[in-house]
Amino acid sequence: MDETGQLAPLCFVLMPFGRKMDAGGRVTNFDAVYETIIAPAVEQAGLEPIRADEEKIGGTIHKPMFERLMLCHYAVADITGANPNVFYELGIRHAMRPRSTVLVFAEGTVLPFDIALVRGLSYQTDGGGEPLEAEATRGAIADQLIEARANSLDDSPIFQLIDGLPRWEVDHSKTDLFRKSHDYSKRYKERLRAAVREGAGAVEAIVDEPALANLLEVESGVVVDLFLSLRDVKAHAAMIALYDRMPPPIKRAKMMREQLGFALNREGRFTEAEKVLRDVIAEFGPSSETNGLLGRVYKDRWEQAKRKGQPEARALLKNAINTYLAGFEADWRDAYPGVNAVTLMEMLPKTDPRQAEILPVVRYSAEQKAKRNPDYWDHATLLELAVLAGDVDDAQNQLSEALALAHAGWELETTARNLRLIREMREGRGEDAGWIDAPVKLLEERAAGLGA
């Protein structure tokens with residue numbers, strides 16, 4: 001509602017999700033930019049922000065995106081990093097709507113020639129991609145949106161440069177239906193956020209509501225939120241059941257298939273999980289995310305086979321190593337699959353010779369990540385890598401940093417377990433690994449103190 005009690009006009013926000021790195025190596029935390037700058041600025045201008053849900057699943061669900069581009073009276077586009085989805089959507093917006101589109105970008109962004117002359121607003125970020133001087137930038141964006149509400153000047157370069165272009169008039173019946181759909185989606189998002197805090201039963205109760213029986217009639221953003229909410233409460237069987245009910249376009253989305261593979265693996269349905277994830281890799285190519293998930297499938301199967309003394313254990317271990325390694329090679333910036341690869345190389349009867357070459361690269365990748373708003377897992381990863389490298393001094397430094405950032409006992413126990421495995425393998429090969437006992441003991445003691 002605005003100050004008059006009327007529903008606020010909708011403003012579509014075109015921007016990436018999460019933390020992204022551009023071609024020059026600069027990182028931007030787009031979620032923080034949205035939450036601290038763009039969304040408050042839109043609300044300050046008397047508008048209601050909508051962010052593109054379909055970007056969460058790879059931009060493959062086109063209908064909601066087209067509706068928002070055409071039916072929202074106002075839009076803000078963050079063109080930082082030259083994200084192809086954002087530029088595609090901005091092109092559609094400029095072709096369909098003569099006015100009311102505001103461009104923003106991180107300071108230092110080189111604008112493409114085609115939009116270099118379009119009026120835009122810059123915002124500042126620090127070395128970790130976090131927004132700076134948010135209040136001033138919010139005010140500037142809000143002022144431009146307020147100005148757009150008050151005048152009828154074109155800001156689309158197409159309509160500015162070409163006279164006589166037909167102007168599409170929005171049918172009020174279409175905007176009314178779109179508004180109802182948006183409000184319906186918003187209510188479900190709010191309910192799901194509350195249900196996740198309550199636990200799996202509350203989320204599953206929403207999923208089972210009669211109004212959601214036919215997912216063909218449900219807005220795609222709601223379907224995605226249902227699926228991810230089930231993941232957040234570890235309701236993996238319910239995730240699989242929901243996926244089976246989804247419309248084909250949502251099922252085909254890369255992220256949804258990845259999460260299906262994740263859920264199948266957690267349910268112990270290894271063969272199905274492997275097929276789903278291998279099919280994604282065959283279609284889209286290797287990636288740190290997909291290969292990380294598939295590597296986990298092979299790792300879990302290896303651990304199970306090892307416990308049972310099954311002969312296929314070594315082959316499964318090698319599959320896990322090679323899958324994680326392919327994921328790291330697909331994106332050197334993501335250390336997660338890399339650290340799994342080099343750690344599992346240690347689990348072979350004779351350490352994989354590739355470990356000596358790859359470990360310094362993984363370590364460098366992890367160090368770069370840890371420079372930007374580090375969390376427990378950043379330093380836990382560096383601790384594990386220091387142990388693998390036999391670097392006692394750095395292991396002590398990373399242990400200190402990790403302990404300072406730990407929030408739950410299970411985090412520390414997970415790291416202690418990984419270090420115990422490394423120690424056991426090295427001792428089994430007759431190597432001196434006694435020094436690893438000290439960090440393991442400290443992790444276990446602190447884990448007991450923190451609890452779950």
Rounded to whole Å, sorted largest first: equivalent-ellipsoid semi-axes of the chain, Cα gyration tensor: 45, 26, 20
Provide E424, E35, E48 ordered by accessible surface of protein heavy atoms (probe 1.4 Å), highest first. E35, E424, E48
Carbon and sulfur together cover what percent of the accessible area of the range 244-301 at a 1.4 Å probe radius? 47
How much accessible area per residue does the chain have, counting only protein heavy atoms and a probe of 1.4 Å, in square angstrom? 48
Exceeding 30 Å between C-alpha atoms, which entries from my cross-link table qualify? They are K254/K308; K308/K369; K234/K275; K20/K441; K275/K441. K254/K308; K308/K369; K20/K441; K275/K441
Using a 1.4 Å probe on the protein heavy atoms, what percent of the accessible area of the range 302-421 belongs to carbon and sulfur? 51
Rounded FRET efficiency, nearest 0.05, which uses the C-beta distance separating F87 from W332 and R0 of 25 Å: 0.50
Which order do the peptides 328-334, 191-197, 9-15 take when ranked by the mean count of other beta-carbon atoms within 10 Å per residue, highest first? 9-15, 328-334, 191-197
Length-normalised contact order of the chain, Cα under 8 Å, at least 6 apart, in percent, tallies to 9
Listed by chain and number, the aspartates and glutamates with an alpha carbon less than 20 angstrom from that of K306, same-chain partners under 8 positions apart left out, are E267, E274, E346, D352, E424, E427
Assign unit charges at the C-beta atoms only (+1 for Lys and Arg, -1 for Asp and Glu), then state the dipole size of the range 288-329 relative to its Cα centre in Debye, rounded to the nearest 20. 280
Under unit Cβ charges (Lys, Arg +1; Asp, Glu -1), what dipole magnitude, rounded to 20 debye, does the range 217-294 have relative to its Cα centre? 160
Can you compute the charge dipole magnitude of the range 85-156 about its Cα centre, using +1 on each Lys and Arg Cβ and -1 on each Asp and Glu Cβ, nothing else charged? Give it in debye, rounded to the nearest 20. 380
Heavy atoms of the protein only, probe of 1.4 Å, neighbouring chains included. What is the accessible area of M96 in Å², nearest 10? 60
On C-alpha positions alone, give me the angle between the axis of helix 134-150 and the longest principal axis of the chain, in degrees, nearest 10. 30
Would you work out the relative contact order for the range 353-452, in percent, from Cα pairs under 8 angstrom that are 6 or more residues apart? 25
Quick check on the chain: helices-only [θ] at 222 nm, where DSSP H runs of length 4 and up contribute -39,500 (n - 2.57) each and the sum goes over total residues. Nearest 500, please. -19000 deg cm²/dmol
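The values are calculated or read from the model by the stated rules, or taken from the named source; none is laboratory data. Keep in mind that what you see is a predicted model, and the values were worked out from it rather than measured. Counting neighbours? That spans all protein chains shown, and the Cβs are built from the backbone with ideal geometry, glycine included. Each accessible area value is taken on the protein alone, full model and side chains, heavy atoms only, with ligands, DNA and RNA left out. Shrake-Rupley method; radii C 1.70, N 1.55, O 1.52, S 1.80 Å.
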